[in-house]
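The values are calculated or read from the model by the stated rules, or taken from the named source; none is laboratory data. Predicted model only: the values in this text are computed from it and were never measured. Because the Cβ atoms are built from the backbone with ideal geometry, glycine has one as well, and the counts that use them run over all protein chains shown.
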Amino acid sequence: MRNKSDKTTITLNLAEQLRTHLLRIPSVSLVGDQHSVREASAAADIIVQSAFGGVTQIVLKSLLSASPRDVRMAAFEWKPKSYNQTPQYLVVGAPYLSEAAFAVCEEEGIGAVDLSGNCHLTFDSVYMSIHGRKNRFPRSVEKITLSSRKTARIIRVLLNDPKRPWMGKDLAKEAQVSPAFVTSVRDYLLKQEWISQDSRNWRLLRPEGLLRAWAFEEEKRKPVRAQFYSSEGPETISMRMEQTARQMNATLAFTEFGGLQMFTPYTTSSRVTAYLDLEHSKWRDFENGAGLKPVGSGGNVHLLKPYDAGVFYKLDIVGETRLWVSHIQHYIDLIRAGERGEDAAEYLLEDYIKKTW
């Protein structure tokens with residue numbers, strides 16, 4: 001944990017960064033061209049004057065870390081001094097502010113600045129917004145990330161039943177992770193304002209925001225994909241793959257474009273894609289049984305090797321036996337599929353998933 005000296009240094013650096021941004025605005029001048037720092041509250045004051053005669057006292061509040069929840073709390077706790085006749089404007093600062101944290105600042109009507117070069121300032125006649133600069137101060141250890149295998153298990157459970165309140169132990173059992181890990185994920189999701197908690201239960205607040213953030217991380221981690229060719233049509237190929245999987249006691253779940261036929265009956269796809277959970281040494285037997293010929297590219301059959309059993313959570317049964325991944329996993333797989341997969345994923349989200357929420 002950083003000490004008091006670290007906080008003072010961060011406040012001083014943020015004040016200087018804010019001052020630099022302000023000096024780039026032609027219509028703004030700094031009164032006295034200086035700022036004062038209050039070490040006890042990790043804050044700084046800068047007085048500015050616009051070309052139109054307005055004078056504003058900018059109150060900079062620095063944070064060691066700035067999750068969306070931290071930013072919202074800073075905005076909630078801030079109270080302008082009632083005896084001060086000069087209009088005041090709160091600016092939250094940190095070594096790095098995420099896009100989600102900036103969104104909270106805009107929502108709360110406060111400013112933002114970080115040491116990575118990003119800022120959002122809107123007061124009097126001033127508007128300055130710089131976004132997208134990379135974090136110059138990444139943490140060396142990140143305990144929880146949306147891309148981790150165990151975190152993904154928890155997210156699938158939450159998104160497949162977003163209205164249900166969860167107790168930690170029940171969620172741990174459903175996601176097949178430890179209760180201690182659920183607690184860590186809960187704290188992370190609370191800071192990102194994706195969940196709320198009352199008493200012992202917690203529930204999802206913004207399922208779409210969580211799904212999109214998770215999809216962004218999952219898109220970077222594509223599953224191992226093998227391509228094959230078959231002279232049969234999609235329906236016949238799928239039946240042969242099902243039969244072979246049952247004979248070999250393997251788990252097979254279809255995904256990607258073919259699954260859109262469940263939501264839009266007139267949609268057709270010549271490509272068959274499925275997750276296959278089978279020992280690698282037995283894949284050749286599966287290929288032979290299903291009549292699949294390996295190809296380097298352009299195959300009409302794609303087999304995906306699951307990176308975790310969580311991809312099989314809440315499988316959908318179509319017809320009597322055919323298994324498809326859940327609509328949440330289906331969305332993720334379409335995002336990663338290429339060939340206009342993102343467009344198909346958006347259709348699935350807007351026309352089906354949101355309606356189930």
* Structure fact -> Restricting segment 111-124 to residues that are out of contact with any His (no Cβ under 9 Å at 6 or more places or on another chain) and in a strand (DSSP E or B), the one surrounded by the most Cβ atoms within 10 Å (Cβ to Cβ) turns out to be D114
* Tell me, please, whether a residue that is under 18 Å from F312 (Cβ atoms), in a strand (DSSP E or B) and among the small types (G, A, S) can be found in segment 230-250. => no
* Positions within segment 179-213 being within 18 Å of the chain's Cα centre (by Cα) and basic (K, R), in sequence order -> R186, K191, R203, R206, R212
* **Search result, residues across segment 213-238 that are more than 12 Å from R271 (Cβ to Cβ) and aromatic (F, W, Y)** => W214, F216
* Asked: Pairs, please: C-beta under 8 Å, at least 6 apart or cross-chain, first residue assigned by TED's automatic domain parsing to the domain that holds C119 and in segment 9-29, second of a type outside the set (V, I, T) and assigned to a helix (DSSP H, G or I)?
  -> V28/L22
* Criterion (in a strand (DSSP E or B) and at negative phi) met by exactly one of H330, H302 -> H302
* Give R139, R164 a once-over and let me know the one that is modelled with pLDDT of 90 or more and not in a strand (DSSP E or B). => R164
* Structure fact -> Subset of segment 281-299, residues among the hydroxyl-bearing types (S, T, Y) and in a helix (DSSP H, G or I), comes to S281
* Asked: Do we find that K150 is part of a helix (DSSP H, G or I) and surrounded by fewer than 22 Cβ atoms within 10 Å (Cβ to Cβ) in this structure?
  -> yes
* Asked: How about segment 50-68: which of its residues are outside any loop (DSSP other than H, G, I, E, B) and modelled with pLDDT of 85 or more?
  -> V55, T56, Q57, I58, V59, L60, K61, S62, P68
* **Residues of segment 167-198 satisfying the condition of being in a loop (DSSP other than H, G, I, E, B) and surrounded by fewer than 18 Cβ atoms within 10 Å (Cβ to Cβ)** => Q176, S178
* Structure fact -> Considering segment 57-110, residues that are touching a residue at least 24 places away in the same chain (Cβ under 8 Å) and among the hydroxyl-bearing types (S, T, Y), and then whichever is surrounded by the most Cβ atoms within 10 Å (Cβ to Cβ), we arrive at S62
* Considering only residues that are in a loop (DSSP other than H, G, I, E, B) and of a type outside the set (S, T, N, Q), look in segment 199-229 and name the one that is farthest from A101 (Cα to Cα). => P223
* For V318, are the conditions met, namely being farther than 26 Å from T151 by Cβ, outside the structural domain of Q176 (by TED's automatic domain parsing), touching a residue at least 24 places away in the same chain (Cβ under 8 Å) and surrounded by fewer than 20 Cβ atoms within 10 Å (Cβ to Cβ)? -> yes
